[in-house]
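Comments concern the structure below.
The values are calculated or read from the model by the stated rules, or taken from the named source; none is laboratory data. A quick note: this is a predicted structure, and the numbers were derived from the prediction, not measured. Every residue, glycine as well, gets a Cβ built from its backbone with ideal geometry; the counts of neighbours run over all protein chains shown. With ligands, DNA and RNA removed, areas are computed over all heavy atoms of the protein, side chains included. Shrake-Rupley method; radii C 1.70, N 1.55, O 1.52, S 1.80 Å.
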Amino acid sequence: RSRRGGTGRDRGHTGSAMDPPSAAGLGGADPQLQRFIEVETQKQRFQQLVHQMTELCWEKCMDKPGPKLDSRAETCFVNCVERFIDTSQFILNRLEQTQKSKSAFSESLSD
């Protein structure tokens with residue numbers, strides 16, 4: 001049901017060879033350079049999330065583009081964005097909990 005050609009090619013993109021290296025992988029590099037790379041990586045991730053959210057909500061809520069949004073489309077967009085943010089936050093929290101439990105498990109094994 002895609003309305004725009006070629007939009008599916010970067011869906012689900014979580015990382016690639018084009019992503020900048022993590023600051024941890026730079027070893028003894030300049031701390032200012034490490035911070036710059038971290039900030040740029042965060043910006044890139046944010047832009048990817050906005051792109052995914054825009055594409056998803058546009059496909060879901062926009063039946064027939066016109067000069068202005070009707071109330072149904074506006075409500076749909078608001079709900080879609082709110083659910084996207086809620087889902088993203090849930091996933092981040094879940095990953096953080098999983099990472100913490102893995103770290104605690106690894107520490108208990110090394111004792």
Going through (1) assigned to a helix (DSSP H, G or I); (2) surrounded by 12 or more Cβ atoms within 10 Å (Cβ to Cβ) one by one, residue 69 fails only at (1)
Going by the structure shown, is residue 98 β-branched (Val, Ile, Thr) and either open to solvent by 100 Å² or more (accessible area, probe 1.4 Å) or modelled with pLDDT under 90 (or both)? yes
